[in-house]
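Chemist: To start, I am sharing the structure in question, which I have written as structure tokens.
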Amino acid sequence: MKFASLRDGRLLLVSRDQTRAVHAAPVASSLLDALQRWDAVVLPLTGLYESLNAGTAAGAFDFDPGACTAPLPRSPQWLDGSAFLNHGRLMEQAFNSPPIPLFDSVPVMYQGASDDFLGPHDDVPLPSEADGIDFEGEFGVVTGPVPMGVSPEAALACVRLVVQINDWSLRALGPHEMKTGFGFLQAKPSTAFAPVAVTPDELGDAWRDGRVQMRLQVQWNGERFGEPHGGEMNFHFGQLVAHAARTRRLTAGCIVGSGTVSNVARAAGSACIAERRVIEKIDQGEIRTGFMKFGDRVRMQALFEDGRPGPFGVIDQRVVSV
């Protein structure tokens, strides 16, 4: 199934070709409601989805991604990992920083703000260009209830939905916050999501080994920035969810992100500016690319292996002064 949410929080089912939609009420009032009552609503929602795709759903209408907020406008918890180790290794190499202990064997993860997610076409208001405005293209999963101490294999079975993410960052603020030992706060403003959240079966063979086997095409001000592949995750989503649940339960609706999609091959490009900058430092001896300015735009879209548009829709956002 494919889900989207209107700005008032009402839940939509979106057709497989993303052209039509239908309200999910009275089966579920919101996506969080559906996730919290999944076993009770999955069959009626599936029936409604099938009728939508067959063209027989009463009240169906043209789907407008611009009318949507994030699929989950708010979440009980937003946890972001760093599952593409190439990204971290590049940072270490560029700045001669000491390696993170157990980096290759234990996922790195932070807890972000989950009360005010941005929609796919929302402007991104930020206070200052001097803060080092950066986009970060990611994939993520939304969970059902996850028990404490779950195994990675069992955690993967707790995945209900897959999402596409732009995890905005303010790079000038991050180093100080990391040195305090308390983690990110000001360096991580509101995260944005593509309009459509999908059940894993909608990805077909592109959902494999607990990973999104798709390229994430990123454009900055209309110029190609990168198309790194999600299959290069060193930790799969089951491992990330299990890491988050090692000492606590997760409730339905928690979102777990992959971290910046990053590939070893330079030709793939990057999904964030910070990575391009460290590659410039390593390969050319100096950083040449600046961060975003007010008025800049970023566009992200997942692509299947054959080049077809992915199931999540498009993130297309502009940075503006608050």
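The values are calculated or read from the model by the stated rules, or taken from the named source; none is laboratory data. Just so you know, these numbers come straight off a predicted model, no measurement behind them. Neighbour counts run over all protein chains shown; Cβ positions are idealised from the backbone, glycine included. Ligands, DNA and RNA are stripped out before the accessible areas are found, and what is left, the full protein with its side chains, is counted by its heavy atoms. Shrake-Rupley method; radii C 1.70, N 1.55, O 1.52, S 1.80 Å.
Chemist: Return the only residue of LEU52, LEU45, LEU32 being assigned to a helix (DSSP H, G or I) and touching a residue at least 60 places away in the same chain (Cβ under 8 Å).
Modeler: Result of the check over LEU52, LEU45, LEU32: LEU32.
Chemist: Answer yes if at least one residue in region 64-81 is free of Cβ contacts under 8 Å to residues at least 60 places away in the same chain and in a helix (DSSP H, G or I), and no otherwise. Spell out the reasoning first.
Modeler: The first filter runs over region 64-81 and keeps only residues free of Cβ contacts under 8 Å to residues at least 60 places away in the same chain, leaving 64, 66, 74.
Of the ones still in play, those that are also in a helix (DSSP H, G or I) are 66.
Yes, that holds for at least one residue.
Chemist: Just one of (1) under 20 Å from PHE84 (Cβ atoms); (2) touching a helix residue (DSSP H, G or I) at 6+ places or on another chain (Cβ under 9 Å); (3) crowded, with 24+ Cβ neighbours inside 10 Å trips up GLN164, so point out which.
Modeler: For GLN164, the failing item is (2).
Chemist: Would you say ARG89 is open to solvent by 20 Å² or more (accessible area, probe 1.4 Å), basic (Lys, Arg) and at pLDDT 95 or above? Outline the logic, then answer.
Modeler: Details: open to solvent by 20 Å² or more (accessible area, probe 1.4 Å): yes; basic (Lys, Arg): yes; at pLDDT 95 or above: no.
So ARG89 does not fit the description; no.
Chemist: If a residue must be closer than 21 Å to TRP168 by Cα and either open to solvent by 10 Å² or more (accessible area, probe 1.4 Å) or not small (Gly, Ala, Ser) (or both), how many such residues does region 245-259 contain?
Modeler: Total satisfying the criteria: 3.
Chemist: Also, quick follow-up: Do we have VAL196 as farther than 28 Å from ALA265 by Cβ, aliphatic (A, V, I, L, M) and in contact with a Phe, Trp or Tyr (Cβ under 7 Å, 6 or more places away or on another chain) here?
Modeler: Details: farther than 28 Å from ALA265 by Cβ: yes; aliphatic (A, V, I, L, M): yes; in contact with a Phe, Trp or Tyr (Cβ under 7 Å, 6 or more places away or on another chain): yes.
Yes: the conditions hold for VAL196.
Chemist: Additional query: Out of everything in region 261-307 that is among the β-branched types (Val, Ile, Thr) and open to solvent by less than 10 Å² (accessible area, probe 1.4 Å), what residue ends up being farthest from PRO127 (Cα to Cα)? Don't jump to the end; show me each part of the working.
Modeler: Residues of region 261-307 among the β-branched types (Val, Ile, Thr): 261, 264, 273, 278-279, 282, 287, 289, 298.
When the remaining residues are screened for being open to solvent by less than 10 Å² (accessible area, probe 1.4 Å), the result is 261, 273, 278, 298.
Working: VAL261: 26, ILE273: 19, VAL278: 25, VAL298: 18 Å.
Among residues in region 261-307 that are among the β-branched types (Val, Ile, Thr) and open to solvent by less than 10 Å² (accessible area, probe 1.4 Å), the one farthest from PRO127 (Cα to Cα) is VAL261.
This table checks each residue for (1) within 23 Å of the chain's Cα centre (by Cα); (2) over 22 Å from HIS121 (Cβ atoms).
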position	(1), (2)
ARG7	yes, no
LEU13	yes, no
ALA25	no, yes
SER30	yes, no
GLU50	no, yes
ALA57	no, yes
ASP62	no, no
ALA67	yes, no
